[in-house]
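Below: the structure, in structure tokens.
Each value in this text was obtained by applying a stated rule to the coordinates, not by laboratory testing. Just so we're clear, the structure is a prediction, and the values are computed from it rather than from any experiment. Quick reminder, even Gly has a Cβ in these numbers, built from the backbone with ideal geometry, and neighbours come from all protein chains shown.
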Amino acid sequence: MKVQLIDVAKRFNKEWIFKGVNLTLEANKIYGLTGINGSGKTTLLSILSHFVAPTEGEVNYELGSESDLRQSISVASPAISLLEEMSVLEAIEFHAHYKPFRNSLNSKAVIQLLGFEKHQNKLLRELSTGMKQRVKLVLAILSQSEILLLDEPGSNLDAAGFEFWKGLLKNNSKDRIVVIASNDEQDLAICDQRLDMMQWK
């Protein structure tokens, strides 16, 4: 299982965000994308997620399943909004309908992992930003996906939240390609290899 980027480049208007990305990402490793704001971390994640096309180059996916590529990728990002008129439980059940959870987890088990038994019937818009971030991370990390992309996963989390998502990831990173985009040392501490976006400027 691997993802290979060949001469990948991205341009917005006349400005090149990055050029000449040649990279092979393999399973059972956690990669950290680093670089100053505006260096292209989130853009490269968007290309890996198959949501944004590169201006040049190509991305090849060699995965273990033959399922739809969109089913093989899960993402958590500050740019992705939750459906805030849903309750926590409704959001989890809605997500599971389209992308099942790993290890055949059901919605009740996911609620328990979150520690949200008392909050399961609250609307998402009623949650704090940190609680919403936990929900986003749980939905992505626990999805039955071969590629896991996390953009600034520690944003809006307190110390307990950091420990929660890192423990969750450690228990659910096997047989997956994991990429974390962040400049926060707490986010990056879990990574096996760091990739500085500035090398592709």
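Among the candidates Leu44, Leu33, Leu25, which residue alone is assigned to a helix (DSSP H, G or I), in contact (Cβ under 8 Å) with a residue 60 or more places away in the chain, crowded, with 17+ Cβ neighbours inside 10 Å and under 15 Å from the mean Cα position of the chain (by Cα)?
Numbers: Leu33 fails: assigned to a helix (DSSP H, G or I); Leu25 fails: assigned to a helix (DSSP H, G or I).
Residue meeting the stated conditions: Leu44.
Can you work out which of the residues in the stretch 47-91 that are acidic (Asp, Glu) and within 16 Å of Lys136 (Cα to Cα) is farthest from the chain's Cα centre (by Cα)?
Glu85
Among the residues of the stretch 98-117 satisfying the criterion of being within 18 Å of Leu148 (Cα to Cα) and aliphatic (A, V, I, L, M), which is surrounded by the most Cβ atoms within 10 Å (Cβ to Cβ)?
If we take residues in the stretch 98-117 being within 18 Å of Leu148 (Cα to Cα) and aliphatic (A, V, I, L, M), then Val110 is surrounded by the most Cβ atoms within 10 Å (Cβ to Cβ).
In the stretch 65-97, which residues are free of Cβ contacts under 8 Å to residues at least 60 places away in the same chain, closer than 19 Å to Glu146 by Cβ and hydroxyl-bearing (Ser, Thr, Tyr)?
Matches in the stretch 65-97: Ser67 only.
Just checking, how many residues over the stretch 47-56 are among the aliphatic types (A, V, I, L, M) and part of a loop (DSSP other than H, G, I, E, B)?
Looking only at that region, the number is 2.
Filtering the stretch 118-141 down to residues that are among the hydrophobic types (A, V, I, L, M, F, W, C) and in contact (Cβ under 8 Å) with a residue 60 or more places away in the chain, which residue is surrounded by the most Cβ atoms within 10 Å (Cβ to Cβ)? Reasoning before the result, please.
Narrowing the stretch 118-141 to residues among the hydrophobic types (A, V, I, L, M, F, W, C): 123-124, 127, 131, 135, 137-141.
Still in the list and also in contact (Cβ under 8 Å) with a residue 60 or more places away in the chain: 137, 139-141.
On the way: Leu137: 22, Leu139: 23, Ala140: 26, Ile141: 24.
So, considering only residues that are among the hydrophobic types (A, V, I, L, M, F, W, C) and in contact (Cβ under 8 Å) with a residue 60 or more places away in the chain, the one surrounded by the most Cβ atoms within 10 Å (Cβ to Cβ) is Ala140.
Do the conditions hold for Ala189, that is, is it of a type in the set (A, V, I, L, M), without any contact (Cβ under 8 Å) to a residue 40 or more places away in the chain and under 29 Å from Leu63 (Cβ atoms)?
Yes: the conditions hold for Ala189.
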